[in-house]
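Shown next, in structure tokens, is the structure this report addresses.
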Amino acid sequence: MDNCKYNKIKVLHDLSSLCWFIQRHALDDAKKSNDAHCVKMLQELSKDLEKHLEAFKCPCKCAECTCK
């Protein structure tokens, strides 16, 4: 495996882990604490991360994915 493929897999793994953590723990904790600002930030971050996560899952190298 070359460095580029390894790096993509590493980033994909790290993004996946962070998305999982936000959805399973961080959002619930922020809601339980009644921290509306934190809830909003986490929701926005989760949305942004999901977008990037999808880009790293794309098997092609096109700028705008048409393979789906």
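Figure the gain on full extension for Asp2 and Gln43 (residue separation times 0.36 nm, minus the Cα-Cα span) and round it to one decimal in nm.
Residue separation times 0.36 nm, minus the Cα-Cα distance, leaves 11.3 nm.
Under 12 Å from the Cβ of His25, count the other residues' Cβ atoms, weight Lys and Arg +1, Asp and Glu -1, and hand me the total.
+1
Based on alpha-carbon positions alone, could you give the equivalent ellipsoid semi-axes of the range 3-57 from the gyration tensor, as √(5λ), descending, whole Å?
26, 10, 6
Rule-based calculations on the coordinates, nothing more; no lab input. For clarity, every value in this text was computed on a predicted model and none was experimentally measured. Note that we place each Cβ from the backbone using ideal geometry, even for glycine, and neighbour counts take in every protein chain shown.
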